[in-house]
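The structure under discussion appears below in the form of structure tokens.
The values are calculated or read from the model by the stated rules, or taken from the named source; none is laboratory data. Remember, predicted model here, so these are calculated numbers, not experimental data. Glycine also receives a Cβ, built like all others from the backbone with ideal geometry; neighbour counts cover every protein chain displayed.
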């Protein structure tokens, strides 16, 4: 009896075994495809180097009854750390990514330059900058290569200090002129998504804040002429940043009940 039971069991296993072996193990589900679509925010820090082309002239009867023109052209090169925060939104179609981004930065950009022709020292400081830009790029899965451009804004302060004992005996003065300048900015960068939410980036931008004119000491020097400084400020900057992409509001999956 025992022998017959063993033979029956072996026969059953021999019949059932191939049936189980014929069903392959299902492969694991593929990982979800990463998408750059979504709202994100982050911080950035870097370095900026500016170029301020200055034309200074002082027309007026200084030493003689005839008009005398003191004209000077020189350059100032303010530099400093620049860092702040950004927020934006991306929308991805296939490999193409289109987005809009806004930034606000505090800076330590500053430098002084001396105009020996007019005996004036000009100290330029830019403490706050910002931008509103479009980003357009191509994504290679978690790597995004993009270009960017748009409007740029900067708070600029020029402090002029002078002593003119030769032309105006006993005259020494300091005047501060503050303004907000708007211009344009353009550049590009590379961004890498470390996880589905966190990404890191490196970016370069060039900004042009246009031309502006200052008239320091106009009241004090009015009998002698109008001291005029015309500026053209541009900026190069390199920044590194980190961003967090917020999860999209996806519909809740429906669970079937039996």
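Could you grab me the full set of residues in the range 91-136 that are over 16 Å from the mean Cα position of the chain (by Cα), in a strand (DSSP E or B) and farther than 26 Å from residue 80 by Cα? Within the range 91-136, 91, 92, 93, 96, 97, 98 meet the criteria. I'm checking my understanding of the structure. Among residues of the range 182-219 that are crowded, with 16+ Cβ neighbours inside 10 Å and outside any strand (DSSP E or B), which one is modelled with the highest pLDDT? If we take residues in the range 182-219 being crowded, with 16+ Cβ neighbours inside 10 Å and outside any strand (DSSP E or B), then 216 is modelled with the highest pLDDT. The number of residues in the range 53-90 being assigned to a loop (DSSP other than H, G, I, E, B) and at pLDDT 85 or above comes to 2.
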